[in-house]
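Single-structure report; data block below.
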Amino acid sequence: MANKCQFRKEDGSKCNADAQTGKEICVFHDPEQSVTVRRGRRAGGIKRSRPATVLSTDTPDVELNSSIEVSSMLTDSINQLRRGDLDPRVANGVGYLASVLLRSLEQGQMEKRLSELESSLGLVQSPLRRSETEEVVTGGENVGHD
Ligand SMILES: [Zn+2]
């Protein structure tokens, strides 16, 4: 069984951590180890607390209504990333969302072209028939209210 650390805290209570093999103190209270431990803690602390590098909060929103605008924003983000103005994780997120947005814009374009094509070929359901359908639904809901 491991010995307990003999270090006494400021309030007089014992440390109670397991002592190192062949020593009467734990790694945290060993002066020989303390520099290493502190250095490790500090490095860990820096890694954990360092905020992601992002653009300032007063950066205006960009318009992303076309693939040209998305491409322009991506170009800016790539340059910001290269300068170190943008955290790689943020840039990754931007890249992912931009690819989803591009797909969506593409689909919107296709739907627009398709509906234009349909209407030019006279394939679109006429507005009259659509309102007839709505009347039937409304009529059904009102049954029994007279
Ligand atoms: Zn200790």
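Every number here is computed from the coordinates shown, using simple stated rules; none is lab data. Everything numeric here is computed off the predicted structure, so don't read it as measured data. Virtual Cβ from ideal backbone geometry, glycine too; neighbours counted across all protein chains shown.
Our estimate of slack between ASN79 and ARG8, defined as 0.36 nm per intervening residue step minus the Cα-Cα distance, is 20.1 nm. Once backbone amide H atoms are built at 1.01 Å from N, LYS4 has ALA19 as its partners under 5 Å, excluding neighbours fewer than 5 places away on the same chain. Note on LEU55/LEU102: beta-carbon distance plugged into 1/(1 + (r/R0)^6) with R0 of 22 Å gives a FRET efficiency of 0.60. What residues of the range 67-110 lie in the reach of a label at GLU116, counting those whose backbone N is under 12 Å from a point 7 Å from the Cα along Cα→Cβ? It comes to 109-110, nothing else.
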